1. Would you call B:Ala117 over 29 Å from B:Ile14 (Cα atoms) and either within 22 Å of the chain's Cα centre (by Cα) or not acidic (Asp, Glu) (or both)?
2. What helices (runs of 4 or more DSSP H) lie completely within region A:670-731 and have 3 or more residues being crowded, with 20+ Cβ neighbours inside 10 Å and within 14 Å of another protein chain (Cβ to nearest Cβ)?
3. Just the residues that are assigned to a helix (DSSP H, G or I) and free of Cβ contacts under 8 Å to residues at least 60 places away in the same chain, please, taken from region A:579-603.
4. Filter region A:1-59 for residues that are open to solvent by less than 40 Å² (accessible area, probe 1.4 Å), assigned to a helix (DSSP H, G or I) and over 30 Å from A:Leu187 (Cβ atoms) and give the result.
5. Quick one: B:Leu168 ticks every box in (1) under 22 Å from the mean Cα position of the chain (by Cα); (2) surrounded by 24 or more Cβ atoms within 10 Å (Cβ to Cβ); (3) more than 29 Å from B:Val44 (Cβ to Cβ) except a single one, so which number is it?
6. Anything in region B:138-164 that is of a type outside the set (A, V, I, L, M, F, W, C) and crowded, with 19+ Cβ neighbours inside 10 Å? List them, or say none.
7. Quick one: which of A:Val356, A:Val313, A:Val322, A:Val318 is surrounded by 19 or more Cβ atoms within 10 Å (Cβ to Cβ), closer than 27 Å to A:Ala275 by Cα and among the aliphatic types (A, V, I, L, M)?
8. Give the residues of region B:557-608 that are among the aromatic types (Phe, Trp, Tyr), more than 8 Å from every other protein chain (Cβ to nearest Cβ) and closer than 30 Å to B:Val628 by Cβ, sorted by residue number.
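The values are calculated or read from the model by the stated rules, or taken from the named source; none is laboratory data. What you see is a predicted model; the values in this text were computed from it and never measured. Cβ coordinates were reconstructed from backbone atoms using ideal geometry, including for glycine residues, and neighbour counts include every protein chain displayed. Quick note on the areas: whole protein, heavy atoms, side chains included, nothing else; ligands and nucleic acids left out. Shrake-Rupley method; radii C 1.70, N 1.55, O 1.52, S 1.80 Å.
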Protein chains: 2
Amino acid sequence: MESNLFWFIPLGSILALIFAFVFFRQMKRESEGTDTMAKIAYHVRKGAMAYIKQQYKVVAIVFLIITMTFAFLAYGLHVQNNWVWGAFLTGGFFSGLAGFFGMKTATYASSRTANAARKSLNSSLRIAFRSGAVMGLVVVGLALLDISIWFIILNRFIGSAGGEGHKLMIITTTMLTFGMGASTQALFARVGGGIFTKAADVGADLVGKIEAGIPEDDPRNPAAIADNVGDNVGDVAGMGADLYESYCGSILATAALGAAAFMSESAVQFKAVIAPMLIAAVGTILSIIGIYAVRTSEKADQKQLMGSLNRGVTLSSVLIVVFSLLILKLLNIPNALGIWGSIITGLFVGIGIGKVTEYYTSHSFKPTRAIAESAKTGPATVIISGLGTGMLSTTFPVLFVVIGTILSFLFSAGFDFSNMRLGLYGIGIAAVGMLSTLGITLATDAYGPIADNAGGNAEMSGLPPEIRRRTDALDALGNTTAATGKGFAIGSAALTALALLSSYIEEIKIGMLRIGENVLSFGNGEFVKTASATLMDFMRYYEINLMNPKVIVGVFIGSMMAFMFCGLTMNAVGRAASKMVDEVRRQFKEIKGILDGSVEPDYERCVEISTKGAQREMLLPSLLAIIVPIIIGVVFGVPGVMGLLIGSLSSGFVLAIFMANTGGAWDNAKKFIEEGNLGGKGSDAHKASVIGDTVGDPFKDTSGPSLNILIKLMSMVSIVMAGFIVAFHLL
Amino acid sequence: MESNLFWFIPLGSILALIFAFVFFRQMKRESEGTDTMAKIAYHVRKGAMAYIKQQYKVVAIVFLIITMTFAFLAYGLHVQNNWVWGAFLTGGFFSGLAGFFGMKTATYASSRTANAARKSLNSSLRIAFRSGAVMGLVVVGLALLDISIWFIILNRFIGSAGGEGHKLMIITTTMLTFGMGASTQALFARVGGGIFTKAADVGADLVGKIEAGIPEDDPRNPAAIADNVGDNVGDVAGMGADLYESYCGSILATAALGAAAFMSESAVQFKAVIAPMLIAAVGTILSIIGIYAVRTSEKADQKQLMGSLNRGVTLSSVLIVVFSLLILKLLNIPNALGIWGSIITGLFVGIGIGKVTEYYTSHSFKPTRAIAESAKTGPATVIISGLGTGMLSTTFPVLFVVIGTILSFLFSAGFDFSNMRLGLYGIGIAAVGMLSTLGITLATDAYGPIADNAGGNAEMSGLPPEIRRRTDALDALGNTTAATGKGFAIGSAALTALALLSSYIEEIKIGMLRIGENVLSFGNGEFVKTASATLMDFMRYYEINLMNPKVIVGVFIGSMMAFMFCGLTMNAVGRAASKMVDEVRRQFKEIKGILDGSVEPDYERCVEISTKGAQREMLLPSLLAIIVPIIIGVVFGVPGVMGLLIGSLSSGFVLAIFMANTGGAWDNAKKFIEEGNLGGKGSDAHKASVIGDTVGDPFKDTSGPSLNILIKLMSMVSIVMAGFIVAFHLL
């Protein structure tokens, strides 16, 4: 019965991929518009593809080195199982693929969306949204495909020597490795793409908008194409890889927790392992239904469009609440109601964070308006109040995650704090619940950049301003719906990372058993068998408590890592943007006729500058995320690593919210002024707000979103290297 | 023998206070200069005194409420000892007094320093530096006085019912309470003073410098007096209270650790308790020697002045290295050499952090120059590169603290990680070592604002510009020497906070014994006596490990607290500054003749705005620091509190360094341009750098420095309320 239910997972995957393909074909059938529009789209597409190829080359080298290391650890030192390198590779490959397909779709969709906007807001929405749905469905489809394939393979080939319970432990923790592959790919995509896009964006804005006084996406701006390419490689491809990673991470972590929680009851164990996968698979189908529910009449105004998008998301969410209970009942998992409570808790936390995000970043509310207000006294006060408000905005998301953690733990644990493993499973499944309808929430997120790009295309093709206004309206609409999506992404990252902490300890256990450390002996003559040791036994054995200097040192370094990582990526954007500014200034000065529109600027040179900047600057921060957990493990052992993970998680999570919200609020404060408030476009307040927005660019699109991945990648690396660390310290 | 040695401590205190008085009288004998100079100094003094009185009134009410609460906990609920409320009060009183005396001295010294600058750079330095020394010596003198008096009183009145060892435990942990008084006072002083000064500074700069184009401290600027008042109430009085708190905190925490480490060897215990006090007392005398060593020939240039200041600090530091070994040998403490190793480690960490601070904030080095360079592309890139560089600058200070923590632990623990209590004593005494020569390091720190104010006085009195150049040179000199002082302050804050973690557990133990919980029983039938339980036993009993959701939740909230606190204080500055800007603009518009100098602006109104802003805004953040640890204790118990403390410590420490360094670097990037680089004063790059500097003001003078106090205050509150929390959960 349960094994039959398993086949729902590949089924969900295939369905998602089929519908993605259908939507893609539908979009391709639309007209690209005028020749100019097609030409510009072609340029952007060419630039984006050129960049992404370049990036994949660099990432491929990194993957090659890491894979070889894993192979050596497995076949040479025998401190890791033999499947790890393969799982790692496919995780990276599929994550990259998800980003690639999303980006390909987006670059085809922008001109078509712009062209449809010539007809109506509604038809434009449909193309943009369906193209966003391609990305959403490709991400979940590929993730479930990868998960299904590996589960089948490992289930077939891994022996049940240590008992059936042990076998599923090995399978699920091995599968976490492809989470590491996905995270590695995602980090490179976010950091590289983020640097590319923001260097171009900041550079284009600083010279174009502020110095030369030409509008955004003006074809006379040499950085305009690079800016549009950036939206695709950063916001689209980066986001795709990122959410592929989050989605896989939450499912795989929960599966591993399920295997650990029911180790001794092998009948239940299998169900607990496939439950998160099944919920995700059903969520995928519900997402497709939700996507179809997004329909409006031809004459819909913006409010109706908003309502229609919301209807789709809400429908999928409500259905998943119902269906997840059904799945749990069908699986006949013990305490199904409790686990269901955890899932619902997760959904509420996601919605809560989304609402707070909206409150702090939308200019319908006080905080962003206050930031706009402070623009009257110049850029310095815009920056001060933006940073202050952004820092304050972390309060409620953290409280929600805290409450969500406790509740989802307690629900699944039957309100018993000592029922650790079931409680942790609850935390994991809460994250799965949040992301289960990623197919549609990602669609509402991804269509924003597509609309943005369509606007760029319209502007550069010289279409009348009302087209731009329509695409801007879509973009703004997307910002609001995307807040919920971001809430789910941030909340699930925190919960998943927490869940991964215990996977780390499980992997330490497996590592000990592998090298024959079958007994944990405590100082006073007491001992327990490694195989049956509880998480608390490991805490005691390794003294992973808050008075252990190694733990404290780890926490400090973890906190610092989050800041250092942001510092590196911020500086990278600053440096690349400076080069871009110099180049744009040079072109304006040396190439006569650019500003009167008689000569076309050298777009390619600007794309090249962003590409080089991104390639050069993305390596150090990304590699640090991989290397530091290993160094800490070697120097300070297991307690140091646990400290590192908690430190980077807590600081990184808060820092990520701060950066995302600050950037978002600055962006919308500027838009608020541009809508005619406080002096409107061209006023001093507007100029001050543009400076705030520019500072916010790397906040919200480079450093902030990368932090979520950083946190999880460091956990994944620790998990995958756990066997090595155990062996290093014991042998 | 040891009891005789004790009398060195009050002796050091009295000597410090006598010399402070002597230096104060010397300074007062100097001429105030012209009538205008005297008048301006009088205005600033009056404003500062008016503000400080107002602030003390608010703080007095807070203290009254807290004292009454403590009295109720002690006499009503019997969950706290009866001395706590008194200790708390004196701590707050002396901390305020230290700030008050420092400020009084500074407000007398500024006109005299300006007047001396008319003669020579050297005589000006002498007055400013000796006035700074008054503050340094008052802080250490009052601290040692308070410590001596309480130690004598408690030693006389607390019975040795639970044995001699237990008695010293009670004494030292009770004395920690006056650390809480000092921290509370310091937090209000830093936050209130910080908001006052930066509201005035930002307001004055935004309208004066940027809009009206008049120089800093121009008498035509209505906010000019408020700005100078602010330097005194924020930078001087705030700094005094702050360092009083750090100094007391490190000594008291170490004394408590000493009492705990040698609980069973009462002969050694007393020595371990007075060792940190003795080192501080001797350090005080060495500071006085160092202060006298700061002498230069009349014709000294800036480099020689610098050399002379450094000579004083270096002399005191080298002597303390020698004398601390002597003290430890004289006390005949076991492993004296190891403990000495910890002290030296502490000194090196302080120096290391100081050097990194200098590297990242001085415009002699690459990072600050790169920020200045980025001003060429406008304010947005200045902000981005400043924030990026500031985040990066946290790397090495954290690594130094990490290495320092491990080494000072291992030296004192005889390289045995399981020798917890001695290791922790080593961490504490490393912090004491750093701060032992505070008398002189604070002098080099405090004379900066005095020189700055002297410059303000010179400007407003219409003295020729070379006078201002001389005071600016002194100020710049102070910035460099102050980097070392700041390194010691930040480093010692981190180490002290770490040391306080174990004091918390000790206080939990005392609380348990007080209510008759004499046995810790672990689930499996094992148990230990509370009185002889080790720190690790408590970790196990309360499950203070990294898999306990309560701990993790605490860590999250702790991290968030640091950000929320900064957000509140940043926004407070933003709001108050906006009001100031409006007022200055109003005066320029409505009062004709201000800008041509024929009519005096309404200075008082601006002082009032800053005062009101500071009073209103300082309450919430400060009270949160007191209330949150109690709430967490009530809801999540001991594990939650420990998590909270580690979370706020790690995030707060990194955030504090980030904010201090970012602010400092922006300040100096601006100075670099003002020295004629990259277009010099009045260029676009200069304007961009002024915006950076303005954003940096609340970073480095309000939010950043308050964080160090926040971290320790939260620890102190937890310690003082530990008895209540234990009783709450057990009764």
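1. Answer is yes for this residue.
2. Once the helices (runs of 4 or more DSSP H) in region A:670-731 are filtered for at least 3 residues that are crowded, with 20+ Cβ neighbours inside 10 Å and within 14 Å of another protein chain (Cβ to nearest Cβ), what remains is A:684-698, A:704-720.
3. Result: A:Asp582, A:Arg586, A:Lys589, A:Glu590.
4. Result: A:Leu5, A:Phe6, A:Met37, A:Ala38, A:Ile40.
5. (1)
6. Selection gives B:Gly141, B:Asp146, B:Ser148.
7. Just a single option satisfies the conditions, and that option is A:Val313.
8. B:Phe565, the sole residue that qualifies.
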